[in-house]
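Colleague: Encoded as structure tokens, here's the structure I'll be asking about.
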Amino acid sequence: MKILVIGLDCAAPALLLGDERLVNIRRLMAAGCFGRLTSVVPPITVPAWMCLATSQDPGSLGVYGFRNRADRSYDALQTVDSKAIRQWSIWDQIAREGRRVNIVGVPPNYPPRRLHGISIGCFLTPDNPAAGWIEPAAAGDDLVARFGPYQVDVRGYRTPDKSWLLDQIRTMTRQHFAVVRHLLATTEWDYFQFVEIGLDRLHHGFWQYHDPQHVLYEPNSPFADAITDYYLELDDEIGRVLECLTEETAILVVSDHGAQRLDGGFCINQWLFDQGLLVLDEMPREPTPFGKLRVNWSRTKVWSEGGYYARVFLNVRGREPQGTIDPADYETFREEMRQRLLATLDPDGRPLGTLVFKPEEIYRSVRGIAPDLIAHFGGLYWRSVGGVGYAGHHVRENDTGPDGCNHAQHGAFVLAAANSALRGEIGDAHLLDMSPTLLTLAGYDIPETMQGRPLAAGVKTTGSQGDNLDDSVRDRLQGLGYLG
């Protein structure tokens, strides 16, 4: 049995599973199972897609976001690339049996992984064509000749020019799906996974026109239907993908996390400064990114990196170069900080609803240099703003440019496979369950390193050549266009 994974970055369950106009998604739902999908903490693109592929949590991967501390110094942040992920993935397990795999845009995939098949870089790929966006490199010549220069992302998607942004996202998405269909039809593959980043960019750019509860909602905006119309386009593209599948194939449509409105930003380092926990040699006269501040590390106890969530670090003596917290006081002080973060307030003085995690309590193992605490302000309705120089602790706009949404803890999935007895809504699926489920359906062993559990109870094991389809299942799958 072949496996096709259609990744829709940031797909929201209510929009993907709740719109009856998405006829191809609805047909897959009718043929299999579906539901909300609990993502990892933090629910962000990197590391979430590799958490799915490896069935390991962020702590076990040692990747806690796009940028991670390389050592205990104060300024050694490294951007994650494909080389940072060393754990065994679903495609590694399949390739070890001599099978061919194609990976298109699965973050992080720069430099593109060398596989027994085609590997196309993700949105982290530089725009410079000489940087190498595909492996093997020779495969790119034909694709460029057919589809033009490959667009890995919409650069500058945090922009006020919404007409330009919408056009760029739609153009990129059409190219991505055209390339995917071409590879499905012209290459040999047993496992094929691609991720469409356009949906994430659309949510960040247009959620305020879609959600009446958004603080910046604009009634009667010309972009009011931009999001739902794009889902319809995605559904059409998925339908055309399904037409390319002439053999028995397990199909998973999945998102790494969801989307929800962004109420504003909580200025974490401004808050720490005002409490005397972060000390500066010079207070900036205007909002200034953390990396440009003159921090007095010999007097600082706590600092944080901003982003969709806050990574909070303690300045521990003997661990950091100029640590100030006695190691004997570490756990007591960390718990005090957790309580302070839990008690953060919104602009009206009400509890913000912040969630705070200790890495060792939520991850099976903790590799690399993890944050001492992880904070989701307002349950991710508020993002973490890392700069200092603000008049208060709350801002309405994102500090990195216009942004209408934040990530949500729950994504979505739809799984249809000929030999799966799973039907209807599944209520407790987790992102880490997806790879074990797919391996079980296709008759592969599950690596011991994988932490999730297969959903596929009641699977009829047919192997790659079997044809023991129930007539009703065959009828449904033929109706989808992926059984010849």
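Colleague: Do we have Arg367 as surrounded by 11 or more Cβ atoms within 10 Å (Cβ to Cβ), outside any helix (DSSP H, G or I) and charged (D, E, K, R) here?
Modeller: yes
Colleague: Can we say Phe333 is under 27 Å from Arg383 (Cβ atoms) and assigned to a strand (DSSP E or B)?
Modeller: On the way: under 27 Å from Arg383 (Cβ atoms): yes; assigned to a strand (DSSP E or B): no.
Criteria not met by Phe333.
Colleague: Now, a different point. Regarding Ser163, is this residue without any contact (Cβ under 8 Å) to a residue 40 or more places away in the chain, under 16 Å from Ala53 (Cβ atoms) and among the small types (Gly, Ala, Ser)? So that I can check it myself, show each step before the final result.
Modeller: On the way: without any contact (Cβ under 8 Å) to a residue 40 or more places away in the chain: yes; under 16 Å from Ala53 (Cβ atoms): no; among the small types (Gly, Ala, Ser): yes.
No: the conditions fail for Ser163.
Colleague: Taking the options Arg21, Arg67, Arg26, Arg72, name whichever one is in contact with an Asp or Glu (Cβ under 6 Å, 6 or more places away or on another chain), of a type outside the set (Asp, Glu) and surrounded by fewer than 20 Cβ atoms within 10 Å (Cβ to Cβ). Full working, then the answer.
Modeller: Numbers: Arg21 fails: in contact with an Asp or Glu (Cβ under 6 Å, 6 or more places away or on another chain); Arg67 fails: in contact with an Asp or Glu (Cβ under 6 Å, 6 or more places away or on another chain); Arg26 fails: in contact with an Asp or Glu (Cβ under 6 Å, 6 or more places away or on another chain).
After applying the criteria, what remains is Arg72.
Colleague: Now, a different point. Could you please give the count of residues in the range 290-306 that are surrounded by fewer than 21 Cβ atoms within 10 Å (Cβ to Cβ) and either assigned to a strand (DSSP E or B) or out of contact with any Gly (no Cβ under 8 Å at 6 or more places or on another chain) (or both)?
Modeller: From the range 290-306, those surrounded by fewer than 21 Cβ atoms within 10 Å (Cβ to Cβ) are 290-292, 294, 296-299, 301; that's our starting set.
Next, only the ones that are either assigned to a strand (DSSP E or B) or out of contact with any Gly (no Cβ under 8 Å at 6 or more places or on another chain) (or both) stay: 291-292, 294, 296-299, 301.
Qualifying residue count for the region: 8.
Colleague: Restrict the check to the range 312-322 and report whether at least one residue is hydrophobic (A, V, I, L, M, F, W, C), part of a loop (DSSP other than H, G, I, E, B) and at pLDDT 95 or above. Talk me through it step by step, then tell me what you get.
Modeller: To start, the set of residues in the range 312-322 that are hydrophobic (A, V, I, L, M, F, W, C) comprises 312-314, 316.
Add one more test, that the residue is part of a loop (DSSP other than H, G, I, E, B), and what stays is none.
Looking for residues that are hydrophobic (A, V, I, L, M, F, W, C), part of a loop (DSSP other than H, G, I, E, B) and at pLDDT 95 or above, one finds none in the range 312-322, hence no.
Colleague: So which of Thr354, Thr324, Thr332 is hydroxyl-bearing (Ser, Thr, Tyr) and loosely packed, with under 13 Cβ neighbours inside 10 Å?
Modeller: Values: Thr354 fails: loosely packed, with under 13 Cβ neighbours inside 10 Å; Thr324 fails: loosely packed, with under 13 Cβ neighbours inside 10 Å.
Being hydroxyl-bearing (Ser, Thr, Tyr) and loosely packed, with under 13 Cβ neighbours inside 10 Å holds for just one of Thr354, Thr324, Thr332, which is Thr332.
Colleague: What's the number of the only condition in (1) hydroxyl-bearing (Ser, Thr, Tyr); (2) free of Cβ contacts under 8 Å to residues at least 60 places away in the same chain; (3) surrounded by fewer than 19 Cβ atoms within 10 Å (Cβ to Cβ) that Tyr110 fails to meet?
Modeller: Of the numbered conditions (1) hydroxyl-bearing (Ser, Thr, Tyr); (2) free of Cβ contacts under 8 Å to residues at least 60 places away in the same chain; (3) surrounded by fewer than 19 Cβ atoms within 10 Å (Cβ to Cβ), the odd one out for Tyr110 is (3).
Residue-wise test of (1) in contact with a Gly (Cβ under 6 Å, 6 or more places away or on another chain); (2) of a type in the set (A, V, I, L, M, F, W, C).
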{"site": "Leu4", "(1), (2)": "no, yes"}
{"site": "Leu28", "(1), (2)": "no, yes"}
{"site": "Val40", "(1), (2)": "no, yes"}
{"site": "Ala53", "(1), (2)": "no, yes"}
{"site": "Asp57", "(1), (2)": "no, no"}
{"site": "Gly62", "(1), (2)": "yes, no"}
{"site": "Ala76", "(1), (2)": "no, yes"}
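Colleague: Which of the following residues is more than 30 Å from Leu439 (Cβ to Cβ) and in a strand (DSSP E or B): Gln260, Gln213? Before you say what the answer is, go through the steps one by one.
Modeller: On the way: Gln213 fails: in a strand (DSSP E or B).
The unique qualifying residue is Gln260.
Colleague: Now a separate question. Only one of Val356, Val395 is within 26 Å of Ala76 (Cβ to Cβ) and either of a type in the set (A, V, I, L, M) or more than 21 Å from the chain's Cα centre (by Cα) (or both); which?
Modeller: The conditions single out Val356.
Colleague: Just a yes or no: is a residue in the range 160-181 in a loop (DSSP other than H, G, I, E, B), out of contact with any Cys (no Cβ under 7 Å at 6 or more places or on another chain) and assigned by TED's automatic domain parsing to the domain that holds Ala95?
Modeller: Applying the first criterion (in a loop (DSSP other than H, G, I, E, B)) to the range 160-181 yields 160-161.
Checking the rest, the ones that are also out of contact with any Cys (no Cβ under 7 Å at 6 or more places or on another chain) come to 160-161.
Those left that are additionally assigned by TED's automatic domain parsing to the domain that holds Ala95: 160-161.
Yes, the conditions are met somewhere in the range 160-181.
Colleague: Here is a further query. So, of the residues in the range 130-139 that are at pLDDT 95 or above and within 20 Å of Ile197 (Cα to Cα), which turns out to be surrounded by the most Cβ atoms within 10 Å (Cβ to Cβ)?
Modeller: Among residues in the range 130-139 that are at pLDDT 95 or above and within 20 Å of Ile197 (Cα to Cα), the one surrounded by the most Cβ atoms within 10 Å (Cβ to Cβ) is Trp133.
Colleague: On the basis of being under 19 Å from the mean Cα position of the chain (by Cα), of a type in the set (Ser, Thr, Tyr) and not in a helix (DSSP H, G or I), does Ser384 make the cut? Let's see the steps before the verdict.
Modeller: On the way: under 19 Å from the mean Cα position of the chain (by Cα): yes; of a type in the set (Ser, Thr, Tyr): yes; not in a helix (DSSP H, G or I): yes.
Considered against the rule, which asks whether it is under 19 Å from the mean Cα position of the chain (by Cα), of a type in the set (Ser, Thr, Tyr) and not in a helix (DSSP H, G or I), Ser384 comes out as yes.
Colleague: Scanning the range 25-83 for residues that are among the β-branched types (Val, Ile, Thr) and not in a helix (DSSP H, G or I), which turns out farthest from Val302 (Cα to Cα)? Walk me through it before giving the result.
Modeller: Going through the range 25-83, the residues among the β-branched types (Val, Ile, Thr) turn out to be 25, 38, 40-41, 44-46, 54, 63, 79-80.
Filter once more, so that each one left must be not in a helix (DSSP H, G or I): 38, 40-41, 44, 63, 79-80.
Values: Thr38: 30, Val40: 25, Val41: 21, Ile44: 24, Val63: 21, Thr79: 22, Val80: 24 Å.
So, considering only residues that are among the β-branched types (Val, Ile, Thr) and not in a helix (DSSP H, G or I), the one farthest from Val302 (Cα to Cα) is Thr38.
Colleague: Also, I was wondering about something else. Only one residue in Asp403, Asp399 is farther than 18 Å from Gly65 by Cα and either in contact with a strand residue (DSSP E or B) (Cβ under 6 Å, 6 or more places away or on another chain) or surrounded by 20 or more Cβ atoms within 10 Å (Cβ to Cβ) (or both), so which one is that? Lay out the reasoning, then the answer.
Modeller: Working: Asp399 fails: farther than 18 Å from Gly65 by Cα.
Answer to the check: Asp403.
The rows are residues; the columns are (1) farther than 25 Å from Val215 by Cβ; (2) touching a helix residue (DSSP H, G or I) at 6+ places or on another chain (Cβ under 9 Å).
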| position | (1), (2) |
| --- | --- |
| Asp235 | yes, yes |
| Gly258 | no, yes |
| Phe273 | yes, no |
| Gly307 | no, no |
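The values are calculated or read from the model by the stated rules, or taken from the named source; none is laboratory data. On a predicted model such as this, the values are computed, not experimentally measured, just so you know. Reconstructed Cβ throughout: ideal geometry from the backbone, glycine too, with neighbour counts over all protein chains shown.
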